[in-house]
Ligand SMILES: Nc1ncnc2c1ncn2[C@@H]1O[C@H](COP(=O)(O)OS(=O)(=O)O)[C@@H](OP(=O)(O)O)[C@H]1O
C-alpha cells in the first residue's frame with residue numbers, strides 16, 4: 001500500500017506543478033485508503049488551494065484541542081472531498097500546488113502509516129451523499145379549512161429542512177386516490193434530502209371521518225400533525241367569501257349566507273357543512289383517538305397572521321427543526337396585501353396569492369350574534385380538550401379558567 005501511494009505521488013509529481021481537481025481525485029482516491037489522516041496532513045495543500053472547502057470552518061475545527069471537534073472536521077472534510085471527487089468537478093477551477101503538498105506528504109507518509117496501524121483506524125471508504133428522493137410525509141397539516149393552512153405550509157417551505165408538497169394531495173379523503181396506494185402518495189411528494197421533513201397539507205382531512213384511522217394505519221403513529229385554527233365565526237365568513245368568489249367565477253348567482261348556515265326556523269343549522277367544519281373539538285377528538293396528543297400541535301391562526309415568527313417558533317420546536325423561522329426579520333409585512341410574506345431561500349420574498357386574504361363580505365349583526373352564541377359552548381369544549389385558550393374563545397370566566 002505504501003509503495004502504491006509513493007508511486008502515485010511520484011507519478012503526480014512528474015506530471016507538473018499543478019493538478020486539476022479531477023486529476024487529484026483520479027490519482028489519490030484509489031490509493032488513499034485512509035483519507036481522514038491523509039487529508040488532515042495535507043491540509044496546507046487541500047485547504048489553501050482547494051476553493052470548495054470551507055477553509056475557515058475547517059481551520060477553526062482543526063485548531064481546536066478537543067478530539068471530538070477534530071474528528072468532526074475530519075469527517076466533514078472527508079465528505080467534502082468525496083463529494084468533489086464523486087461528482088468529478090473537473091475544470092471547476094480547483095488547482096493544487098502539488099509541489100508543496102507532495103513534499104509534505106512524502107515527509108509524513110511513513111509516520112502516518114505507523115499512526116494508522118497503531119490506532120487500528122479503518123475508515124470505510126466515504127460514500128457519496130444519497131440523491132434527493134421522494135418520501136412519504138413526516139408531517140401533515142390536516143386543517144382546518146380557511147384557517148391559514150396555505151400560509152403555514154408556505155412559511156414552513158421556506159425552512160431549509162422542509163420539503164413541502166405544492167398542491168393538496170387529498171389522499172386520505174378521496175377513495176379513488178386512496179386506492180392508488182402509498183407508492184402513488186409518495187410519488188406526489190417533493191424530492192427531499194436526508195434530514196429534510198416532507199410535509200403536505202390537505203384541510204379536508206380534518207373533517208373526514210376515516211382520515212385519522214387511515215393516516216395512522218398507513219403512516220404510523222409517529223406522523224406529526226399540524227392543525228391550525230382561527231375564530232370559528234371568522235372561518236365561516238371566510239368560507240362564505242370563497243363561496244361568493246366561486247359563484248361569481250362560474251357566473252352563477254350567490255346564495256345569502258343565512259341560507260347556507262341557518263335552518264328554516266332561523267336557527268343555526270348544525271348540519272350545514274360550513275358550521276360543522278367550525279365545530280373543532282368534534283373533529284379533533286376523532287384525531288386524538290388515533291394519535292397520541294404529543295404528535296399533534298395546534299397553531300393559532302389569528303396569531304399566524306399578526307406574529308408569524310412566534311407561531312413558527314412553536315412549530316419548529318414541535319417538529320424539532322433547527323431555528324430558522326423564529327425571527328421577526330424572516331417575515332416582511334406587505335402593506336398592499338395586508339399580510340406578512342416570508343423571506344424564502346436566497347432572501348426572496350414569498351407572498352400568498354390573491355385568493356388568500358380576500359375582503360370578507362358584510363354579514364348582518366343578527367346572523368353574527370347567532371353564530372357567536374352557537375359556537376360558544378363548542379369553544380368551551382375545545383378549551384377543555386386542549387387545555388388551551390385562544391383569544392377568540394371569549395372571556396376566561398366563561399371558559400371556567
Ligand atoms: N400571510 C398570509 N397571507 C395571506 N393569508 C393568510 C396569511 N396568514 C393567514 N392567512 C389566512 O389564510 C386564510 C386562508 O386559509 P387557508 O389557506 O387554510 O384556505 S384553504 O382552506 O386552503 O382554502 C385567509 O383567509 P381569508 O382572509 O378569509 O382569505 C387568510 O386570512
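This table checks each residue for (1) surrounded by 14 or more Cβ atoms within 10 Å (Cβ to Cβ); (2) within 12 Å of the ligand (Cβ to nearest atom).
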position	(1), (2)
305	yes, yes
319	yes, no
335	no, no
339	yes, yes
344	yes, no
347	no, no
356	yes, yes
360	no, yes
366	no, no
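For region 120-147, filtering for residues that are over 13 Å from the mean Cα position of the chain (by Cα) and within 16 Å of the ligand (Cβ to nearest atom) leaves 6. Mind listing whichever residues of region 254-280 are more than 25 Å from residue 228 (Cα to Cα) and either assigned to a loop (DSSP other than H, G, I, E, B) or in contact with a helix residue (DSSP H, G or I) (Cβ under 9 Å, 6 or more places away or on another chain) (or both)? Across region 254-280, the qualifying residues are 254, 255, 256, 258, 262, 263, 264, 265, 266, 267.
Would it be correct to say that residue 309 is in contact with a helix residue (DSSP H, G or I) (Cβ under 7 Å, 6 or more places away or on another chain), farther than 16 Å from residue 383 by Cβ and assigned to a strand (DSSP E or B)? In short, no.
Within the option set 283, 245, being surrounded by fewer than 18 Cβ atoms within 10 Å (Cβ to Cβ), part of a helix (DSSP H, G or I), in the same structural domain as residue 164 (by TED's automatic domain parsing) and within 15 Å of the ligand (Cβ to nearest atom) holds for one residue only, 245.
For region 148-167, the set of residues classified as without any contact (Cβ under 8 Å) to a residue 60 or more places away in the chain, within 16 Å of the ligand (Cβ to nearest atom) and buried (at least 18 other Cβ atoms within 10 Å of the Cβ) consists of 153, 164, 165, listed by residue number. Restricting attention to region 182-197, the residues that are more than 17 Å from residue 140 (Cβ to Cβ) and surrounded by 12 or more Cβ atoms within 10 Å (Cβ to Cβ) add up to 2. Looking for something within 16 Å of the ligand (Cβ to nearest atom), within 18 Å of residue 314 (Cβ to Cβ) and touching a helix residue (DSSP H, G or I) at 6+ places or on another chain (Cβ under 6 Å) - is there at least one such residue anywhere in region 172-195? The answer is no; no qualifying residue exists.
I'm trying to understand the selection: among the residues of region 312-329, which are under 15 Å from the mean Cα position of the chain (by Cα) and not in a helix (DSSP H, G or I)?
Across region 312-329, the qualifying residues are 319, 320, 321, 322, 323, 324, 325, 326.
For residue 238, state whether it is part of a helix (DSSP H, G or I) and within 16 Å of the ligand (Cβ to nearest atom). Spell out the reasoning first.
Numbers: part of a helix (DSSP H, G or I): yes; within 16 Å of the ligand (Cβ to nearest atom): yes.
Here the answer is yes, as residue 238 does meet what is asked.
The values are calculated or read from the model by the stated rules, or taken from the named source; none is laboratory data. Not measured: the values here are computed from a predicted model. Cβ sites come from the backbone with ideal geometry, for glycine too, and all protein chains shown count toward neighbours.
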